[in-house]
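Since the structure comes first, as C-alpha cells, the remarks are kept for the end.
The values are calculated or read from the model by the stated rules, or taken from the named source; none is laboratory data. Only a predicted model underlies this, so the values are computations on that prediction, with no experimental measurement involved. Every residue, glycine among them, receives a Cβ derived from its backbone with ideal geometry; neighbour counts consider all protein chains shown. Ligands, DNA and RNA are stripped out before the accessible areas are found, and what is left, the full protein with its side chains, is counted by its heavy atoms. Shrake-Rupley method; radii C 1.70, N 1.55, O 1.52, S 1.80 Å.
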Amino acid sequence: MSTTEVIRTLKEFMAVWPGTKKEFAERAGVSRQHLYNILKGTNPNIVTALRIEKATGGLVRCEDLRCENG
C-alpha cells in the first residue's frame, strides 16, 4: 500500500472516529500537531506507527504507515 493510500485510510478512519482529532492523538499517544503532520505525509517513527495501528484497531498497519513509496 502506498503512503498516499495509507494516509487516505487514516483520514477516512478519522472521519468516522466519534471523537476529535485531539482525542485520537491522545489515544495514540502523540501530540495533535504530530498527528496533523502524519496526515500531511510525515513518516512516523516505528513507535508512533505502532501506536496508530493499535489506536485504529489494525485498520492502519504499522508497516504500511512507515512505507516510503509515495
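Listed values, structure above:
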{"item": "Candidate set from the range 1-25 (those that are more than 12 Å from the chain's Cα centre (by Cα) and open to solvent by 80 Å² or more (accessible area, probe 1.4 Å)); member that is modelled with the lowest pLDDT", "result": "Met1"}
{"item": "Tabulated pairs, the range 2-22, first part of a loop (DSSP other than H, G, I, E, B), second open to solvent by 30 Å² or more (accessible area, probe 1.4 Å), C-beta under 6 angstrom, 6+ apart or interchain", "result": "Ser2/Asn69"}
{"item": "Qualifying positions in the range 29-52 - under 17 Å from Pro18 (Cα atoms) and in contact with a Lys or Arg (Cβ under 7 Å, 6 or more places away or on another chain)", "result": "Arg32, Leu35"}
{"item": "Tally, over the range 31-56, of residues that are open to solvent by less than 70 Å² (accessible area, probe 1.4 Å), within 19 Å of Arg8 (Cβ to Cβ) and outside any helix (DSSP H, G or I)", "result": "5"}
{"item": "So Lys22, is it among the basic types (Lys, Arg) and closer than 18 Å to Arg66 by Cβ", "result": "no"}
